[in-house]
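The structure appears right after this line, and notes come after that.
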Amino acid sequence: MINWMRAFFEAKSENESLARMMAAGFFSALNPTISEITDVKTAVSEAVTNAIIHGYEGKGGSVELYCAYDTQKLYVEVADQGIGIGDIPKAMEPLYTSKPEMERSGMGFTIMETFMDSVRVESQPEKGTRIYMEKQLSRE
């Protein structure tokens, strides 16, 4: 890695925009396109929202944001120490939500996969979840 950063913040919905802006600011050193930075911000928003709503069920905790890059590739990790995911493939199915009573769309992982080149999820019940995402920047 050429550069990296790690931040921890309270699992509150108002901190979702903070995470989005931290990632965008950090990656700006590589001069990404507006579209690329919007893609990363959208994916980070979804991952952080998942940690707050599903990982901690809105009860608070700590969310970790890790960002790194090499010459043209961005790496993002979002992690929580919440309730974890028992069935990762099921959770990643489009339109599946564990919170239908909250009118959740079940599209969080699908959105992450749409805007990033790769998304991988590691999780254990009662130990939390870590989402790994990568994006290759276009070469001009």
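The values are calculated or read from the model by the stated rules, or taken from the named source; none is laboratory data. Computed from a predicted structure; not experimentally measured. Positions of Cβ are backbone-derived with ideal geometry, glycine not excepted, and every protein chain shown enters the neighbour counts.
What to note about this one:
- Scope segment 119-138; condition of a type in the set (D, E, K, R) and assigned to a loop (DSSP other than H, G, I, E, B); matching residues: E126, K127
- Residues (touching a helix residue (DSSP H, G or I) at 6+ places or on another chain (Cβ under 7 Å) and at pLDDT 95 or above) located in segment 105-119: M112, F115, M116, V119
- Cβ-Cβ distances below 6 Å connect the following pairs, each with a first residue in segment 1-25 that is in contact (Cβ under 8 Å) with a residue 40 or more places away in the chain, a second residue that is polar (S, T, N, Q) and assigned to a helix (DSSP H, G or I), and a separation of six or more residues or different chains: F9/N15.
- The residues in segment 48-91 that are loosely packed, with under 15 Cβ neighbours inside 10 Å and under 16 Å from K135 (Cβ atoms) can be counted, and the count is 3.
- Helices (runs of 4 or more DSSP H) lying entirely in segment 1-96 (those with 2 or more residues that are modelled with pLDDT of 95 or more and either touching an Asp or Glu at 6+ places or on another chain (Cβ under 7 Å) or over 18 Å from V119 (Cα atoms) (or both)): 16-27, 34-50
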